[in-house]
Amino acid sequence: NTSVPADNCNVMAPHQWANQGCVAVSKDEGTIGQPLNKQGGGIYALEWDPDKERAIRSWVFPGHSNIPSNLQDSIRTASNADKSKRVVPDPNEWGLPYGYFAVGEDTGCSADHLKNMRLVFNLAFCGTVAGNRYFRDCPAESKLVKKGKDPVRSCNALIKSNPEMLKEAYWKIRGLYVYERSWM
């Protein structure tokens, strides 16, 4: 059941659907898809800090307003040749994250589960997560194309029969910034 939020980020948790993991959904409008595109995009930030914060935290700032000044300054100064003039991002100044996953001892998610990580941009229209949510998240489309009770097959059939739906399905990335904490 894709309407039940995950309480276990293990993608193989027995009481969740396959590869569910933990999905964060913002209560704010316009954080994904066409509503985000209409605002000219936005900024997504993720902090993985198993040592100090003992968490993975994520934020989304749609459009180009309400972006914390520390984050704006960090991005603006990121390529400054003089490293002393770069502003260090401080997620504690960015407000409440929309996603928070505890990591470390006594959390149920040991930090050693997260190593050799990679950043992947993925347009998995009908992948395990998107496909399983097809009937719920795309009710109008699922009335047009439905392959029995299989949401993944139905989603794939919709895309195969309507390839023009994907004409604006792409990533347009202005910048990608990776920071590491300095340990002093």
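The values are calculated or read from the model by the stated rules, or taken from the named source; none is laboratory data. Keep in mind that this is a model prediction, so the values were computed, not measured. Quick reminder, even Gly has a Cβ in these numbers, built from the backbone with ideal geometry, and neighbours come from all protein chains shown. Heads up: the accessible areas ignore ligands, DNA and RNA and are worked out on the full protein's heavy atoms, side chains in. Shrake-Rupley method; radii C 1.70, N 1.55, O 1.52, S 1.80 Å.
All told, ARG153 falls short of being over 20 Å from GLY41 (Cβ atoms) and in a loop (DSSP other than H, G, I, E, B). One residue stands out in segment 37-50 among those that are out of contact with any helix residue (DSSP H, G or I) (no Cβ under 9 Å at 6 or more places or on another chain) and over 26 Å from CYS109 (Cβ atoms): the one that is least open to solvent (accessible area, probe 1.4 Å), namely GLY41.
Out of the residues in segment 101-112 that are touching a Pro at 6+ places or on another chain (Cβ under 9 Å) and among the aliphatic types (A, V, I, L, M), state the one that is surrounded by the most Cβ atoms within 10 Å (Cβ to Cβ). Among residues in segment 101-112 that are touching a Pro at 6+ places or on another chain (Cβ under 9 Å) and among the aliphatic types (A, V, I, L, M), the one surrounded by the most Cβ atoms within 10 Å (Cβ to Cβ) is VAL103.
The residues on offer are VAL87, VAL103, and the sole one that is in contact with a Cys (Cβ under 6 Å, 6 or more places away or on another chain) and without any contact (Cβ under 8 Å) to a residue 60 or more places away in the chain is VAL103. Checking CYS155, CYS126 one by one, the residue that is open to solvent by less than 40 Å² (accessible area, probe 1.4 Å), at pLDDT below 80 and either more than 21 Å from ILE173 (Cβ to Cβ) or of a type in the set (D, E, K, R) (or both) is CYS126 and no other.
In segment 144-173, the residues that are free of Cβ contacts under 8 Å to residues at least 40 places away in the same chain form Cβ pairs under 6 Å with partners that are outside any loop (DSSP other than H, G, I, E, B) and open to solvent by 100 Å² or more (accessible area, probe 1.4 Å), at six or more places apart or across chains, as follows: LYS147/ARG153. Highlighted here are the strands (runs of 3 or more DSSP E) found entirely within segment 12-114 that include at least 3 residues which are at pLDDT below 85: 99-102.
Every test in (1) at positive phi; (2) open to solvent by 50 Å² or more (accessible area, probe 1.4 Å) is passed by TYR98 save one, and that test is (1). Pull up segment 83-95, narrow it to residues that are open to solvent by less than 100 Å² (accessible area, probe 1.4 Å) and within 19 Å of ASP51 (Cα to Cα), then point me to the one that is nearest to the chain's Cα centre (by Cα). Going through the qualifying residues, I end up with PRO91. Output yes when any residue across segment 170-181 is among the aliphatic types (A, V, I, L, M) and modelled with pLDDT under 85, and no when none is. No, the conditions are met nowhere in segment 170-181. Against the test of being in contact with a helix residue (DSSP H, G or I) (Cβ under 7 Å, 6 or more places away or on another chain) and not small (Gly, Ala, Ser), the options CYS109, CYS155 yield a single qualifying residue, CYS155.
Scanning for something open to solvent by less than 40 Å² (accessible area, probe 1.4 Å), aromatic (Phe, Trp, Tyr) and touching a strand residue (DSSP E or B) at 6+ places or on another chain (Cβ under 7 Å), does segment 51-66 turn up at least one residue? The answer is yes, given that some residue of segment 51-66 is open to solvent by less than 40 Å² (accessible area, probe 1.4 Å), aromatic (Phe, Trp, Tyr) and touching a strand residue (DSSP E or B) at 6+ places or on another chain (Cβ under 7 Å).
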